[in-house]
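Worksheet: the structure to be examined is printed underneath.
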Amino acid sequence: MSVENEKEIQQLKNRIRELADKSYNQNQYTFTGFLGLAEQDALWQVEREVKFAGITLYGGREEAERKILRFGSEAELGYEQPFPICCIRIRPLSAKFADKLSHRDYLGALMNLGIERSTIGDILPGEGEAFLFCLDTIAEFICDNLEQIRHTHVRCEVVDAAAEVAQEDTLKQVIQVASPRVDAVIAKVYNKSRSDCLELFRAGKVYVNGRLCENNSKPLEAGDVVNARGYGKFRISGEPHATRKGKLAIEAEVYP
């Protein structure tokens, strides 16, 4: 990690501590912006220091990767305050002449509006439309100003995520491994060599259940979600069981 990145992570840790103290001392909910996986790991590094304030992470849907950190709980504060998240549907004005747009296209167009990355959560491209999760304070600005992505003119509207956003389709795989080690499972799921997978660990690009995983021999269990940056994300959807040949069969749901 570069010195600059280390400085940014340290600043984030300090900010997390400040928000925890503010929530506890002033009896109110406090929120960060959207945090990526590396930023969420900064939270886990100081978890023991701030868990007294009540930690909740949410990104607008259960499967979200980018999430907002909230301090405070209904049990402690006596009331509930929802996360300040809006969902925006982005559609082309003319589907017939629309480009096939990728996640990078949508993100690039949003960043060109001059907004901060922390105001933007997950972007879910689909057939002919995309859904964007963002802070509610920036939603109107995006709807008013996001008019074109590449050569495609678009329109934006705030929608109810629960009603409009379907669960991501996954591809189920049953793989056979000698052990449930995370590096072995990644190698099988993505058909990569073990040496390629080890590079991911050395580069700090593997997360299990949202936490940085530096132990490549960590055993996976049912329900674990693995993010291998550059490869993708999958969830272990069943308990590993032995095959007749003495290997382990593991079912994984691979996200597109």
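The values are calculated or read from the model by the stated rules, or taken from the named source; none is laboratory data. If you're wondering where the values come from, they're calculated on a predicted model, not measured in any experiment. Here the Cβ positions follow ideal geometry from the backbone for every residue, glycine too, while neighbour counts run over all protein chains shown. Keep in mind that these areas ignore ligands, DNA and RNA; they rest on the heavy atoms of the full protein, side chains included. Shrake-Rupley method; radii C 1.70, N 1.55, O 1.52, S 1.80 Å.
When the range 239-256 is filtered for residues that are within 27 Å of residue 125 (Cβ to Cβ) and loosely packed, with under 15 Cβ neighbours inside 10 Å, only 256 remains.
Considering the range 23-64, and only residues there that are of a type in the set (D, E, K, R) and open to solvent by 50 Å² or more (accessible area, probe 1.4 Å), the residue that is nearest to residue 203 (Cα to Cα) turns out to be 39. In summary, residue 137 fulfils each of the numbered conditions (1) under 30 Å from residue 215 (Cα atoms); (2) part of a helix (DSSP H, G or I); (3) not aliphatic (A, V, I, L, M) with the single exception of condition (1).
Among the residues of the range 142-149, at least one is touching a Pro at 6+ places or on another chain (Cβ under 9 Å) and either assigned to a strand (DSSP E or B) or crowded, with 16+ Cβ neighbours inside 10 Å (or both). Candidates in the range 190-199 are the residues that are in contact with a Phe, Trp or Tyr (Cβ under 9 Å, 6 or more places away or on another chain) and either farther than 23 Å from residue 64 by Cα or free of Cβ contacts under 8 Å to residues at least 12 places away in the same chain (or both); of these, the one that is least open to solvent (accessible area, probe 1.4 Å) is 197. Cβ-Cβ contacts under 6 Å between residues 6 or more apart (or on different chains), taken from a first residue in the range 161-184 that is closer than 20 Å to residue 208 by Cα to a second residue that is open to solvent by 80 Å² or more (accessible area, probe 1.4 Å) and in a helix (DSSP H, G or I), are listed as 175/188; 177/188.
Would you confirm whether or not the range 98-105 contains a residue that is within 28 Å of residue 12 (Cα to Cα) and without any contact (Cβ under 8 Å) to a residue 12 or more places away in the chain? Yes. Of the strands (runs of 3 or more DSSP E) entirely within the range 161-256, none holds at least 2 residues that are aromatic (Phe, Trp, Tyr) and more than 30 Å from residue 42 (Cα to Cα). Annotation for the range 202-213: no member residue is modelled with pLDDT of 95 or more, of a type in the set (Lys, Arg) and loosely packed, with under 14 Cβ neighbours inside 10 Å.
Scan the range 200-211 and give yes if some residue there is out of contact with any strand residue (DSSP E or B) (no Cβ under 8 Å at 6 or more places or on another chain), under 30 Å from residue 140 (Cβ atoms) and in contact (Cβ under 8 Å) with a residue 60 or more places away in the chain, otherwise no. Taking every residue of the range 200-211 in turn, none turns out to be out of contact with any strand residue (DSSP E or B) (no Cβ under 8 Å at 6 or more places or on another chain), under 30 Å from residue 140 (Cβ atoms) and in contact (Cβ under 8 Å) with a residue 60 or more places away in the chain. Filtered by the rule that a residue be surrounded by fewer than 19 Cβ atoms within 10 Å (Cβ to Cβ), of a type in the set (Val, Ile, Thr) and more than 17 Å from the chain's Cα centre (by Cα), the range 73-127 gives a lone residue, 115.
Taking the conditions (1) open to solvent by 30 Å² or more (accessible area, probe 1.4 Å); (2) modelled with pLDDT under 95; (3) not aromatic (Phe, Trp, Tyr) in turn, residue 158 satisfies each one other than (2). If you go through the range 216-238 and pick out every residue that is farther than 27 Å from residue 122 by Cα and exposed (fewer than 13 other Cβ atoms within 10 Å of the Cβ), you end up with 1.
Scanning the range 192-234 for residues that are under 25 Å from residue 168 (Cα atoms) and of a type in the set (Lys, Arg) yields a total of 5.
Just to be sure, is residue 94 hydroxyl-bearing (Ser, Thr, Tyr) and touching a residue at least 40 places away in the same chain (Cβ under 8 Å)? Taking the combined requirement at face value, the residue satisfies it.
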